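J.: Below you'll find the structure I mean.
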Amino acid sequence: MSRAAVTGPPGFGPDVEGEIVLSRDTFSIRYDMDRETGVISRRGHALEGQSLAGKIVYFPAVQGGVAAGWAFLALVGRGVAPAGVIFGKTNPVMIQGLVLAGIPAMHRVSPDPFTVFRTGDRVRMSPARGIVERVG
Amino acid sequence: MELSEREQRIRAGEMGEAARIAIEQQIAVGEFFGAERFVPVSSVHMMGDMEVMGDAGFAFIQDLVDKGARFTVPVTTNARCVDFERAADVRQDPALVARERRLVENLRRLGALQVDTCINYQTVYQPHFGEHLAWGDTGTVIWANSVCGARTNYEAGPAAVAAGITGVTPAYGFHLDDQRVGGPRFEVRCALRDWADWGALGGIVGRRTLDYWTVPVLAGLDGRPGPDDLKHFGAALASYGSCAMFHMVGVTPEARTEAEAYRGRTPPATHVIDDAALDAFYRTYPENQPEADAVIFSGPQLSLLELRRVVELLAGRRVHGNTALLITTNFAVRDMAVRLGYVKAIEDAGGRVLAGSCWYIMEPAKMARAHGWRNIVTNSAKMANIIGGYRLHPILRRTDLCIEAAVTGRLPDEARLA
């Protein structure tokens with residue numbers, strides 16, 4: 001049996017391994033996150049109260065404006081940045097911000113990560129090969 | 001990506017270390033989105049203030065300055081989190097103000113035109129059809145793509161800085177013809193009487209679209225929108241829907257007809273927006289108390305025509321003692337409004353006109369706490385959307401009702417929905 005995985009076009013950044021956190025809701029740094037702590041703060045968000053620090057995070061889509069361009073670097077500076085970010089659909093500012101911060105990024109993954117992983121699974125994200133696999 | 005000879009020399013470091021870093025980031029972003037080449041840009045508009053940048057962003061800019069970076073194309077700055085002249089007056093954090101001053105000095109060293117405006121397209125730089133840009137602030141991007149027929153993606157602060165240094169941007173997304181084809185069709189059957197209505201329309205379309213890569217098409221509009229109608233519509237559509245472009249049939253230059261908007265393709269879906277839909281949108285912003293604590297016109301900064309309307313609606317009356325009236329605009333409009341007597345009229349009424357900032361980035365939660373504001377009454381759908389995320393209580397209403405709330409200190413009966 002092949003290893004549980006999702007794939008997409010080649011992404012950005014080096015390989016990274018960590019715990020995956022899956023969100024059913026979309027992501028906006030300005031609207032959804034406490035940028036001091038890296039914790040999802042928007043009331044009613046699927047990940048409300050969840051820290052993204054050190055995690056590999058999946059969001060189906062994104063929202064909001066250009067604040068994301070600087071915000072990921074700020075999260076790195078405060079030691080609370082995610083280890084990697086995977087999107088269904090994303091937008092330029094998310095990727096511009098992740099590139100600036102040096103955080104691995106992928107998009108347009110299939111199948112739906114919810115059908116392959118559970119939050120807490122250990123995964124390896126390999127942007128250059130366009131694959132996220134469960135490990136261990 | 002295929003690089004020109006100049007771009008290859010930049011990548012090799014021949015134009016300095018800062019330019020090399022800048023183009024490497026642009027290549028990474030371009031390749032992520034499948035860009036095959038760069039396009040030269042004639043104007044860059046950047047968002048960079050301490051509220052979004054944090055210390056790490058400040059250090060990044062400082063590093064570029066230390067490496068001797070200089071912008072090679074005109075770079076204008078977006079609204080920032082501080083009005084230096086009135087910071088104490090509106091109780092902004094002095095530490096934030098001090099760091100913002102140092103940041104501004106560094107941006108000037110890079111060669112930025114520090115205009116601090118999110119309505120550059122109304123006051124500083126009017127792009128023409130087909131012109132490639134690297135603009136940040138979503139409201140400016142959606143205006144440039146939709147109203148001008150210019151071409152830009154959302155360029156966040158660091159991406160805009162990179163484009164300012166290299167003079168080019170990766171050609172993906174809205175730089176390409178295919179990305180600009182119309183998407184879902186929205187048949188507009190509601191009466192649009194106020195800027196707030198246009199913002200609400202943008203919010204409705206945005207909530208149903210929710211995708212950067214989709215270009216909604218507005219059809220069936222009665223009459224022609226004014227510039228501030230389009231401004232509120234676009235800003236809200238970008239805020240609620242992350243959209244970077246719309247077509248408005250008979251209004252925007254790439255949609256003189258519906259067929260042109262769709263380039264011969266069939267609309268994927270049609271939605272009807274009627275008065276009930278508009279009403280339902282307002283109802284997502286119910287009042288939490290009879291009193292209006294703060295009435296704020298901002299997001300985007302006000303044009304001269306919007307300031308004139310505020311003065312007309314105030315009609316010489318004073319703002320209620322328990323209510324604050326705050327307005328943000330840019331320096332150019334403020335100076336004109338001073339000449340025309342609008343600023344004096346607003347200040348005589350007890351209101352304040354801030355310049356160079358936009359309220360939702362002025363640490364609004366802190367400011368609201370410092371003043372004890374429990375709600376914010378506004379005619380800006382964009383601002384209502386954003387500050388809702390900051391756990392403030394936004395109340396979106398038409399401009400005349402906002403002014404009545406400011407003058408009487410209470411939401412007028414016709415503004416009460418609960």
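The values are calculated or read from the model by the stated rules, or taken from the named source; none is laboratory data. Fair warning: this is a prediction, and the values are worked out from it, not measured in the lab. Methodologically, a virtual Cβ is constructed for each residue, glycine included, from the backbone with ideal geometry; neighbour enumeration extends over all protein chains shown.
J.: Condition first: within 24 Å of the chain's Cα centre (by Cα), facing another protein chain (nearest Cβ under 8 Å) and not basic (K, R). Can you find one or more residues in the range B:14-27 that meet it? Working first, answer last.
T.: Of the residues in the range B:14-27, the ones within 24 Å of the chain's Cα centre (by Cα) are B:26.
Next cut, facing another protein chain (nearest Cβ under 8 Å) only: none.
The answer is no; no qualifying residue exists.
J.: So, of the residues in the range A:66-94 that are within 7 Å of chain B (Cβ to nearest Cβ) and of a type in the set (A, V, I, L, M), which turns out to be surrounded by the fewest Cβ atoms within 10 Å (Cβ to Cβ)?
T.: Step one: list which residues in the range A:66-94 are within 7 Å of chain B (Cβ to nearest Cβ), which gives A:66-71, A:73-74, A:76-77, A:89, A:91-93.
After this cut, where a residue has to be of a type in the set (A, V, I, L, M) as well, the list is A:66-68, A:71, A:73-74, A:76, A:93.
Working: A:V66: 33, A:A67: 26, A:A68: 30, A:A71: 28, A:L73: 26, A:A74: 24, A:V76: 18, A:V93: 32.
Applying the filter and picking the extreme gives A:V76.
J.: Look at A:Y58 and say whether it is modelled with pLDDT of 95 or more, hydroxyl-bearing (S, T, Y), under 29 Å from B:V205 (Cβ atoms) and crowded, with 16+ Cβ neighbours inside 10 Å.
T.: Working: modelled with pLDDT of 95 or more: yes; hydroxyl-bearing (S, T, Y): yes; under 29 Å from B:V205 (Cβ atoms): yes; crowded, with 16+ Cβ neighbours inside 10 Å: yes.
Judged against the criteria, A:Y58 is a match.
J.: Quick check: is even one residue across the range B:379-394 among the polar types (S, T, N, Q), within 25 Å of the chain's Cα centre (by Cα), in a strand (DSSP E or B) and away from chain A (no Cβ under 14 Å)?
T.: no
J.: In the range B:128-175, which residues are within 10 Å of chain A (Cβ to nearest Cβ) and touching a Cys at 6+ places or on another chain (Cβ under 9 Å)?
T.: Of everything in the range B:128-175, those that are within 10 Å of chain A (Cβ to nearest Cβ) and touching a Cys at 6+ places or on another chain (Cβ under 9 Å) turn out to be B:D137, B:T138, B:G139, B:T140.
J.: Ok, one more. Here is a list: B:R334, B:R309. Which entry is more than 15 Å from B:C358 (Cβ to Cβ), among the basic types (K, R) and not in a strand (DSSP E or B)? Full working, then the answer.
T.: Numbers: B:R334 fails: more than 15 Å from B:C358 (Cβ to Cβ).
One residue alone meets the criteria, B:R309.
J.: Determine if the range B:365-376 includes at least one residue that is touching a residue at least 24 places away in the same chain (Cβ under 8 Å), more than 12 Å from every other protein chain (Cβ to nearest Cβ), in contact with a helix residue (DSSP H, G or I) (Cβ under 7 Å, 6 or more places away or on another chain) and not in a loop (DSSP other than H, G, I, E, B).
T.: yes
J.: β-branched (V, I, T) and in a loop (DSSP other than H, G, I, E, B): is that true of B:T72 in this structure?
T.: When the stated conditions are applied, B:T72 passes them.
J.: Moving on to the next point. So the check is Cβ under 9 Å with 6+ separation or different chains; which pairs have a first residue in the range B:229-240 that's surrounded by fewer than 24 Cβ atoms within 10 Å (Cβ to Cβ) and a second one that's modelled with pLDDT of 95 or more and of a type in the set (F, W, Y)?
T.: Every condition considered, the pairs that remain are B:D229/B:W195; B:D229/B:W198; B:L230/B:W143; B:L230/B:W198.
J.: Tell me which of these B:Y240 doesn't satisfy, since it passes every other one: (1) at pLDDT below 95; (2) not in a helix (DSSP H, G or I).
T.: Of everything listed in (1) at pLDDT below 95; (2) not in a helix (DSSP H, G or I), B:Y240 misses just condition (2).
J.: Shifting gears a bit: With the requirement that a residue be more than 29 Å from A:W70 (Cβ to Cβ), crowded, with 23+ Cβ neighbours inside 10 Å and among the aliphatic types (A, V, I, L, M), what does the range B:346-379 give you?
T.: Residue satisfying the conditions is B:V377 alone.
J.: A follow-up question, please. Scan (1) closer than 24 Å to B:A280 by Cβ; (2) assigned to a loop (DSSP other than H, G, I, E, B); (3) within 14 Å of chain A (Cβ to nearest Cβ); (4) touching a Lys or Arg at 6+ places or on another chain (Cβ under 9 Å) for the single condition B:R193 breaks and write down its number.
T.: Only one criterion in (1) closer than 24 Å to B:A280 by Cβ; (2) assigned to a loop (DSSP other than H, G, I, E, B); (3) within 14 Å of chain A (Cβ to nearest Cβ); (4) touching a Lys or Arg at 6+ places or on another chain (Cβ under 9 Å) is unmet by B:R193, namely (3).
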